[in-house]
Amino acid sequence: MLYPDCMRLRRLAAAWLPAIIWMALIFYLSAQSRPLGKTPSPALSYVAHFCEYAVLAFLLSWAHLSQGSWKGKLRVGLAISFILSVIFAASDEYHQSFVSGRTASWLDFGIDAAGSAFAVAVIDRWGHSCLWRQVRYRRTVLPADPKRGPP
């Protein structure tokens, strides 16, 4: 394997591995009849659902945008991240319907989707300035690629 291919593979793994690990953790916890040892209060359960899917949407956005595919398409990347996290939320609720002691709930699914939407909205609100700062840094500090010419 050539060095550029190896580096590209490492970057790909570093970008997507946190999201995959988080999804595996969600799957593992949803396979437990009582993931925290006892039945939590409904308010705590809803906060946990909201936060876990907000983190998932953030990690999926980070993975997608760290590939450099965000150039001019931040909202497309965020929409893809939102759709992927909502699809995973639906599959998680479906999976819970087969676990003894757990049930699938439309309310949980809605809270999962709301958490994903919240994370995507926060990234959309403040992501433009952070990404533009990164582009400006690359243009002014990092050396230019001689094959590409001036920026």
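Residues of the stretch 9-48 that are outside any helix (DSSP H, G or I), of a type in the set (Ser, Thr, Tyr) and either touching a residue at least 12 places away in the same chain (Cβ under 8 Å) or closer than 20 Å to HIS95 by Cα (or both): SER33, THR39.
Return a yes/no flag: does the stretch 54-73 have any residue that is within 27 Å of ARG10 (Cβ to Cβ), surrounded by fewer than 15 Cβ atoms within 10 Å (Cβ to Cβ), of a type in the set (D, E, K, R) and modelled with pLDDT of 70 or more. Yes, the stretch 54-73 contains a residue that is within 27 Å of ARG10 (Cβ to Cβ), surrounded by fewer than 15 Cβ atoms within 10 Å (Cβ to Cβ), of a type in the set (D, E, K, R) and modelled with pLDDT of 70 or more. For the condition of a type in the set (A, V, I, L, M, F, W, C), over 18 Å from the mean Cα position of the chain (by Cα), at pLDDT 80 or above and surrounded by 13 or more Cβ atoms within 10 Å (Cβ to Cβ), ALA43 does not qualify. Residues in the stretch 80-106 that are touching a residue at least 24 places away in the same chain (Cβ under 8 Å) and in a helix (DSSP H, G or I): SER81, PHE82, LEU84, SER85, VAL86, PHE88, ALA89, ASP92, HIS95, GLN96. Among the conditions (1) assigned to a helix (DSSP H, G or I); (2) at pLDDT 80 or above; (3) among the hydrophobic types (A, V, I, L, M, F, W, C), CYS6 misses just one, which is (2). Out of curiosity, is PHE50 of a type in the set (Phe, Trp, Tyr), at pLDDT 90 or above and either in contact with a strand residue (DSSP E or B) (Cβ under 9 Å, 6 or more places away or on another chain) or under 17 Å from ALA114 (Cα atoms) (or both)? So PHE50 fits the description; yes.
For the stretch 16-30, name all the residues that are under 16 Å from the mean Cα position of the chain (by Cα) and either closer than 30 Å to SER100 by Cα or surrounded by fewer than 17 Cβ atoms within 10 Å (Cβ to Cβ) (or both). Within the stretch 16-30, LEU17, PRO18, ALA19, ILE20, ILE21, TRP22, MET23, ALA24, LEU25, ILE26, PHE27 meet the criteria.
The values are calculated or read from the model by the stated rules, or taken from the named source; none is laboratory data. Keep in mind that what you see is a predicted model, and the values were worked out from it rather than measured. As a convention, Cβ positions derive from the backbone with ideal geometry for all residues, glycine included, and neighbour counts pool all protein chains shown.
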